[in-house]
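All remarks here apply to the structure that follows.
The values are calculated or read from the model by the stated rules, or taken from the named source; none is laboratory data. Because the structure is a prediction, the values reported are computed rather than measured. Using ideal geometry, Cβ is built from the backbone for each residue, glycine included, and neighbour counts are taken over all protein chains shown. The accessibility values were calculated without ligands, DNA or RNA, using every heavy atom of the protein model including side chains. Shrake-Rupley method; radii C 1.70, N 1.55, O 1.52, S 1.80 Å.
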Amino acid sequence: MQNLLLDIDAGMVDWARAQFALTAIYHWLFVPLTLGLALIMGIFETCYYRTKKVFWKDMAKFWQKLFGVNFAMGVATGIILEFEFGTNWSNYSWFVGDIFGAPLAIEGIVAFFMESTFVAVMYFGWKKVSPGFHLASTWLTGLGATISAWWILVANSWMQYPVGCEFNPDTMRHEMVSFSEVALSPFAIDKFCHTVTSAWIIGAIFTVAVSFYYLLKKRDQHFAVESIKVASIVGLVASLLTAITGDHSAYTVAQVQPMKLAAMEALYNGSEGESLTAIALVNPFQQPDYASGEEPPMKIGIPKMLSFMATHDFNGFVPGVNDLIKGGFTNADGQVELSLAEKMERGKKAIAALADYRRIKTETKGQLSAAQEKDLADKAAYLKENMKYFGYGYIKDADEVVPYIPLCFYTFRIMVGLGCLFILFFAVTLFLAYKKDITAGKWWKWLGIILLPLGYVASESGWLVAEFGRQPWTIQDMMPTWVGVSDLSSSAVIITFFLFLFLFTALLAVEISILCKQIKKGPEYSK
């Protein structure tokens, strides 16, 4: 970012994005299970503390073993993920490191140390501390993991909705002016609630799947049935909460990232009373001709539902891709939306103003005339007023600001469709566990096991929607991805990409192997 006229290696951008995506996708295979099992094992140990029945203690110990394996793997990938900001995205780190680094620092100093400390007590303190202190340690381990997720999601949300900051032209950096705005932005709160509740679903599905395995093998049946009862309650509540928080997230996205919503819906020309697309034949292999305004074939929608989701008004106006490019409508802030061309023009002027500001500062070495001081003040004021369009100065045409619509469209529907399936699955499983004999029959148990990988598909789909939907922005409206990369050759990133691919695949294989061995071994009962 220090060089305003950029000569970026396109290959470097693609490989840096690919490497970060690879690391994030693998990392997110471990995180949801950590958050989900933290809740499950906390509930089991609470049952032990209240009833003093050793059976519940044995259950808590078993699920804590599986939690520990997954926790260790998540830490390994998470550390690498944070280092990549400095190695591959140094321009980004320079531009907003004062803001973005704050929540990550808090996550490392407070949350990570908190969960690392109490996880030791949880595993090795059964006979060394009181039952109450051990129970507190178990819950604090899960709370630490959840707080860790909070600060990471705060950082991610700020990239998608930058608030609480001002640009300092003297340092060429964004500086935080309100920590509370960054930490408690509505986007961060919605993302956290939606992400954590969806992680509880993964923990519940995992618990049910393992328990169904025991029922199919006709072993540890009491253990399995009690696990299914608790996990089904958690899963059903979490699925309903995920649906509620997802609805509110969609509303927030409509306010601050309307292009993402338009891509998710393959909505090219918006209107009042817009329907929510249920199905449509969007070509998954190429970007559609959105400029023509022609709707995807076989489109079936729920009348006026998208308008209600996006505006909380059945007749509200929802802009499509072309509306956002052309501008001229009243946006969520009650202002007339600028066209893309106007935003690009303001962005270019902002870049030029910053370049002039830096040139005058350098040439005069602080010895300014009255006219130069006024000129600097004018340029600083223009920058402050138009910094929200700064990133548009690097945009060359409309195609660059439109996310890849097929990916956003289909991953959103995979996520929502599987979410509805999980609600039904947990409701039926809960009924069978309490009202019927869930140990009988096989097909429902096999369905529960099959749903485990589909839970991860839904979870990863949600992240793909969130991250691909905000393209081309590293920071919404202020920094495109190709501006944030480091000045490296693509060959350096290619080498580390394949090294990480091998390493992460090996870690995943090791985790699955250890988990399978522990599951096959089963719970150990106290004598």
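What share of all Cα pairs of segment 367-412, in percent, falls into each consecutive 10 Å distance bin?
22, 25, 24, 15, 10, 5
I'd like to verify something in the chain: which complete DSSP H helices, judged by Cα projection on the helix axis, reach 30 Å or more and average at least 1.6 on the Kyte-Doolittle scale?
Helices passing the filter in the chain: 405-435, 490-521.
Calculate, for Glu294 and Thr51, the FRET efficiency according to 1/(1 + (r/R0)^6) with r their C-beta to C-beta distance and R0 60 Å; round to the nearest 0.05.
In this case the efficiency is close to 0.40.
Provide the three semi-axes, in whole Å and in decreasing order, of the ellipsoid equivalent to segment 193-337 as defined by the square roots of 5 times the Cα gyration tensor eigenvalues.
41, 18, 12
So which aspartates and glutamates can Lys349 reach, going by Cα to Cα under 16 Å and dropping same-chain residues fewer than 8 places off?
Asp375, Asp378, Glu385, Asp477
Scattering from the C-alpha atoms of segment 1-134 alone, worked out with Debye: what is log10 I(q)/I(0) at q = 0.22 1/Å?
With one equal scatterer per Cα and no solvent, log10 I(q)/I(0) is -1.33.
Can you give me the three principal axis dimensions of segment 148-217 from its C-alpha atoms, in Å, biggest first?
That gives 68, 20, 16 Å along the principal axes, largest extent first.
Report the Cα-based extents of segment 425-527 along its three principal axes, largest first, to the nearest Å.
Over segment 425-527, Cα extents along the principal axes are 62, 32, 27 Å.
Convex hull over the Cα atoms of the chain, averaged projected area in nm²?
Average projection, Cα convex hull of the chain: 27.6 nm².
Would you be so kind as to identify which of Val416, Ile449, Pro472 lies farthest towards the positive end of the dipole of segment 415-527, taking Lys and Arg as +1 and Asp and Glu as -1 on Cβ and the Cα centre as origin?
It is Ile449, whose Cα lies furthest towards the positive end.
Per-residue ellipticity at 222 nm for the chain, helices alone: DSSP H runs ≥ 4 residues times -39500 (n - 2.57), over residue total, nearest 500 deg cm²/dmol?
Theoretical 222 nm ellipticity from helices: -24000 deg cm²/dmol.
Give me the percent of accessible area attributable to carbon and sulfur for the chain, probe 1.4 angstrom.
C and S atoms contribute 65 percent here.
For Asn331 and Ala120, what does the FRET efficiency come to when R0 = 51 Å and r is the distance between their Cβ atoms, rounded to the nearest 0.05?
Once the sixth-power term is evaluated, E becomes 0.50.
Based only on Cα atoms, what mean projected area does the convex hull of segment 412-476 have, in nm²?
About 5.2 nm², averaged over all directions.
Which whole-number percent is the relative contact order of the chain (Cα, under 8 Å, 6+ apart)?
22 percent
What FRET efficiency do you get for Phe431 and Ser513 if R0 is 51 Å and r is their Cβ-Cβ distance, rounded to the nearest 0.05?
After rounding to 0.05, the efficiency reads 0.90.
Any idea of the accessible area per residue across segment 60-196, 1.4 Å probe, to the nearest Å²?
I get 39 Å² per residue for this part.
Expressed as a whole number of Å, what is the distance separating the alpha-carbon centroids of segment 477-508 and segment 28-96?
If you average the Cα positions of each part, the centres end up 25 Å apart.
Test of understanding: what is the full-extension gain from Gln372 to Ile244, defined as 0.36 nm times their sequence separation minus their Cα-Cα distance?
That works out to 40.6 nm of additional length.
Treating cross-link reach as a plain straight distance, find the aspartates and glutamates whose alpha-carbon is under 18 Å from the alpha-carbon of Lys127, omitting any fewer than eight places away in the same chain.
Glu45, Asp58, Glu524
Largest first, please: the extent of the C-alpha atoms of segment 362-455 along each principal axis, to the nearest Å.
Sorted from largest, the Cα extents of segment 362-455 read 88, 30, 19 Å.
Counting GluC sites (Glu not before Pro) as exposed when in a DSSP loop with at most 11 other beta carbons within 10 Å, what is the longest stretch of the chain free of them?
1-293
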